[in-house]
Amino acid sequence: MRLKRHGGIVLMVLSLLVGVGVATNANQSVAHAKAKRTLKVYPKRIRGTWYSYQYHKMYRYKITVKKMVGTDFKNQLHSRKVNYVIKNNVKMKHPNWVVASIFKLSNNERWVNVMGWYQTAGDGSSYWKKTHKLGGHKRAVLTMAGGAGFWTYAHGYHSKHLAKKYANHYFKGERRQP
């Protein structure tokens, strides 16, 4: 009799946890689910020239209305229906095309997710601009994240000096890959 009662309690707790997990995942994709098309332009908040210093090398990211140009890449933003299905074995006519969408995390962070036009798996790269207090001054910081655990892998600053100074700096609450 005790086993049945404890088994029922365990089953109820597991059901509750699964329900909360499903609800949390649903909240994270609300902004994306409402959209019928991917973004036509990059949001103003992430546009500009950003510098990031990683692995003893300075990287430059220039984000305009429809382009993202980095030290070693150049992408052109294009829009398509969210439910667009990529055909298998299609010839890559546009290797530099990307699509972007906005998604909101449960803590109201609005991230811009960028994926390749032909990308069918993975999560792409995500960008979020936030103001942080650095050296007593408020500074705009572009956080770059990706991967299965949504790990922060770099920060962009508006000057090379700040990028080099805060090269290995991570902010409270950010997820880093172990």
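Quick look at the numbers
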{"item": "Residue match in segment 151-173 (condition: more than 19 Å from VAL112 (Cβ to Cβ), aromatic (Phe, Trp, Tyr) and out of contact with any Asp or Glu (no Cβ under 6 Å at 6 or more places or on another chain))", "result": "yes"}
{"item": "Segment 138-149, subset surrounded by fewer than 16 Cβ atoms within 10 Å (Cβ to Cβ) and at pLDDT below 95, residue nearest to LYS164 (Cα to Cα)", "result": "GLY147"}
{"item": "Hits in segment 104-127 (condition: aromatic (Phe, Trp, Tyr) and either free of Cβ contacts under 8 Å to residues at least 60 places away in the same chain or surrounded by fewer than 18 Cβ atoms within 10 Å (Cβ to Cβ) (or both))", "result": "TRP111, TRP117, TYR118"}
{"item": "Restricting segment 50-78 to residues that are surrounded by 15 or more Cβ atoms within 10 Å (Cβ to Cβ) and of a type in the set (S, T, N, Q), the residue that is farthest from ALA35 (Cα to Cα)", "result": "SER52"}
{"item": "Of all residues in segment 87-103 being more than 18 Å from the chain's Cα centre (by Cα) and surrounded by 11 or more Cβ atoms within 10 Å (Cβ to Cβ), the one that is modelled with the lowest pLDDT", "result": "HIS94"}
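Each row is one residue, and each column tells you yes or no for (1) in a loop (DSSP other than H, G, I, E, B); (2) within 24 Å of VAL98 (Cα to Cα).
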{"residue": "MET115", "(1), (2)": "no, yes"}
{"residue": "THR120", "(1), (2)": "yes, yes"}
{"residue": "ASP123", "(1), (2)": "yes, yes"}
{"residue": "TYR127", "(1), (2)": "no, yes"}
{"residue": "THR131", "(1), (2)": "no, no"}
{"residue": "LYS138", "(1), (2)": "no, no"}
{"residue": "THR143", "(1), (2)": "no, yes"}
{"residue": "ASN168", "(1), (2)": "yes, no"}
{"residue": "LYS172", "(1), (2)": "yes, no"}
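The values are calculated or read from the model by the stated rules, or taken from the named source; none is laboratory data. Treat the numbers as computed from the prediction; the structure is a model and nothing was measured. Cβ sites come from the backbone with ideal geometry, for glycine too, and all protein chains shown count toward neighbours.
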